[in-house]
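Working notes, structure below.
The values are calculated or read from the model by the stated rules, or taken from the named source; none is laboratory data. The structure displayed is predicted, hence computed values, not measured ones. Here the Cβ positions follow ideal geometry from the backbone for every residue, glycine too, while neighbour counts run over all protein chains shown. Accessible surface areas use protein heavy atoms only, side chains included; no ligands, DNA or RNA. Shrake-Rupley method; radii C 1.70, N 1.55, O 1.52, S 1.80 Å.
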Amino acid sequence: MDKDTSVEIKDVRTGERRAVLISSPHAGNAIDAERLAAWLGRVGIAVTESLLISDLDHTQPQGMRWRARGDDLAIVAGGDGAIGSVATQLAGSGLPLAILPMGTANDVARSLLLPMDVEEACTAVAGAVPMEIDVGQVLPGLTEPGAYAVRHEASAHEAVQLAGEPSPVAGVYFVHASTLGLNVEFARLATDIGRRRRLGRLNYAASAIEAMTHFHPVDVRLRLFGMEGVDDETVIESHAMQVSIVNTSVFGGRMGVRLPDVRLHDRQLDFMLVEAADARRLRQTIQRLLASPNAAEERPEEPDQPGHQGEPAHLPGVRRFRARAAIIETPEPVDVTLDGEIRTHTPVLVRVAPQSLRVLVTPQAKHLLARDRLTDDVNDIGDVDAASRGQ
């Protein structure tokens with residue numbers, strides 16, 4: 001049982017549970033909010049307010065207000081980007097978050113073993129239990145996608161000055177991952193509403209090809225803090241294709257690729273640095289990934305420094321580090337995504353948020369996730385399927 005009982009999860013049989021529903025109408029598998037409210041009502045959850053995710057773009061975190069008026073939980077109906085936005089709204093409130101996966105990838109929901117069918121997910125919320133997970137916090141940043149892109153002026157000392165900021169409601173949160181580099185160019189294309197409507201299911205593949213064609217590597221400087229076994233900061237400099245700061249392990253949607261050793265509650269973030277490579281080396285890396293989706297799970301027997309997870313054996317030029325925080329700098333400001341949406345730019349501070357996020361999962365999923373079963377035995381498909389159905 002969770003030690004924090006400040007927010008009671010009421011018995012659904014009493015019909016007393018109240019929720020604010022936040023929907024993303026442009027999610028890959030969006031469903032009308034009225035239908036969602038009806039499904040939730042049938043399992044004893046009354047929707048007190050229905051909002052669009054864009055309604056929250058220019059607001060201060062609303063979690064404390066929702067809690068004060070008597071709401072028991074917030075429900076986000078959307079993809080990974082919407083989940084990160086609502087997590088930001090809940091900062092410091094202790095209000096639990098339930099997820100109805102309606103995005104294209106749904107990597108957060110898959111990491112938490114939630115049902116992928118939305119009606120089943122509504123039913124699962126009724127019997128769900130709270131679980132504390134780490135979330136990433138980025139300063140500076142804004143919740144509105146694109147509002148803090150590089151067209152805005154950036155101070156070279158902005159991130160450094162914010163490094164001591166203790167407030168859980170500062171900046172913005174991410175639940176899945178934050179990235180800069182190639183993935184940002186892909187996100188810029190893939191999240192364009194006009195492209196989505198025009199290309200439909202082909203949008204992701206077309207965006208990936210276009211991003212690869214036009215992207216140029218960037219010089220990156222990472223100042224890592226709180227690495228295990230390291231007292232001082234560690235400075236990493238690279239000519240990089242991509243920097244990913246990972247909080248939950250699943251990537252690639254239905255492909256279900258899992259980054260090994262990523263824990264939901266270790267108070268650490270996993271930094272993956274993909275260094276620029278010539279065309280031949282890049283092609284070899286991609287071919288190895290396609291041939292073996294779990295290639296990134298292999299690590300060398302002797303890491304070359306504390307906190308360094310080494311270079312995966314099948315992925316030349318990929319380096320991993322685990323730390324509590326990092327200041328990321330580039331010669332010129334470049335955009336940074338949070339859960340697939342551009343929400344900030346370098347220089348930026350990325351760290352584990354001061355307070356954990358309470359998410360609702362099935363009891364079986366909580367049992368598995370608390371034991372870190374998913375990273376230790378990813379082939380136990382029966383347990384994973386059972387957890388997503390709440391068995």
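Among residues of region 316-334 that are on the phi > 0 side of the Ramachandran plot, those with a beta-carbon under 6 Å from a residue that is not in a strand (DSSP E or B) at least six positions away or on a different chain give the pairs Gly317/Ala277. Here Ser85 fits the description: modelled with pLDDT under 95 and buried (at least 24 other Cβ atoms within 10 Å of the Cβ).
The residue list Val246, Val262 contains one member that is open to solvent by less than 30 Å² (accessible area, probe 1.4 Å) and modelled with pLDDT of 90 or more, which is Val246.
Could you tell me whether Leu73 is farther than 28 Å from Arg343 by Cα, open to solvent by less than 10 Å² (accessible area, probe 1.4 Å), out of contact with any Gly (no Cβ under 6 Å at 6 or more places or on another chain) and of a type outside the set (Ser, Thr, Tyr)? Spelling it out, it is not the case that Leu73 is farther than 28 Å from Arg343 by Cα, open to solvent by less than 10 Å² (accessible area, probe 1.4 Å), out of contact with any Gly (no Cβ under 6 Å at 6 or more places or on another chain) and of a type outside the set (Ser, Thr, Tyr).
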